[in-house]
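Notes for the one structure printed next.
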Amino acid sequence: MDDLLHLARRMMLHAHAPYSKFHVGAALRSEDGSVHGGCNVENAAYPQGLCAEASAIAALVGAGQKRILECVVIGPGPEVITPCGGCRQKLREFASDDLPIHLCGPDGLHRTVTLGQLLPMSFGPQHFG
Ligand code: THU
């Protein structure tokens, strides 16, 4: 996960978070081994802001990928940062319950959880058969 952490850190430096001042980076590994990053992009009209995970998912899908195998999220610490509810659902579209999500801070890995732990009994693409 070192490559993902490195990318997520770099993304965090690019975050546009002038309102919350809470910079977040995310990085995803897709099925073909490629890695895709994103950062939070806030907006003067607050609800229009984009989370780092959502921006990384957009990069992955834009690169023609549809399957996420590993995820790193990094926040400014010291609290462990976890993806918001909306991002958990967005990840679910492209990943299964066993997706490892590495929760990191400036000092490195804090904890690894699975998507299934963060979003139990999820609604997902399988409901459409
Ligand atoms: N944020 C993320 O980008 N990812 C998370 O996992 C949690 C929160 C962003 C949204 C907003 O720009 C800022 O952090 C404060 O909520």
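Observations
- Residue that is most open to solvent (accessible area, probe 1.4 Å) [pool: residues in segment 56-73 that are away from the ligand (no atom under 12 Å from the Cβ) and touching a residue at least 40 places away in the same chain (Cβ under 8 Å)]: Leu69
- Looking across segment 105-129, the residues that are outside any helix (DSSP H, G or I) and either in contact with a Leu (Cβ under 6 Å, 6 or more places away or on another chain) or farther than 17 Å from Ala8 by Cβ (or both) come down to His110, Arg111, Thr114, Leu119, Pro120, Met121, Ser122, Phe123, Gly124, Gly129.
- Residue within segment 74-94 that is modelled with pLDDT under 95, more than 14 Å from the ligand (Cβ to nearest atom) and surrounded by fewer than 20 Cβ atoms within 10 Å (Cβ to Cβ) present: yes
- Any pair with Cβ under 7 angstrom, 6 or more apart, that starts in segment 75-94 at a residue that is farther than 16 Å from Gly25 by Cα and in contact (Cβ under 8 Å) with a residue 12 or more places away in the chain and ends at one that is open to solvent by 30 Å² or more (accessible area, probe 1.4 Å) and assigned to a helix (DSSP H, G or I): Glu93/Pro125
- Of the criteria (1) crowded, with 20+ Cβ neighbours inside 10 Å; (2) within 11 Å of the ligand (Cβ to nearest atom), which one Tyr19 fails: (1)
- Only one of Glu42, Glu53 that is within 11 Å of the ligand (Cβ to nearest atom), more than 15 Å from Leu103 (Cα to Cα), open to solvent by less than 70 Å² (accessible area, probe 1.4 Å) and of a type in the set (Asp, Glu): Glu42
- Residue match in segment 106-128 (condition: surrounded by 14 or more Cβ atoms within 10 Å (Cβ to Cβ), more than 11 Å from the ligand (Cβ to nearest atom) and within 10 Å of the chain's Cα centre (by Cα)): no
- Among the residues making up segment 3-16, those that are open to solvent by less than 70 Å² (accessible area, probe 1.4 Å), out of contact with any Gly (no Cβ under 6 Å at 6 or more places or on another chain) and away from the ligand (no atom under 13 Å from the Cβ) are Leu4, Leu5.
The values are calculated or read from the model by the stated rules, or taken from the named source; none is laboratory data. Bear in mind the structure is a predicted one, so any value in this text is a computation, not a measurement. Counting neighbours? That spans all protein chains shown, and the Cβs are built from the backbone with ideal geometry, glycine included. Note: accessible area is taken over every heavy atom of the protein model, side chains too, but ligands, DNA and RNA are not part of it. Shrake-Rupley method; radii C 1.70, N 1.55, O 1.52, S 1.80 Å.
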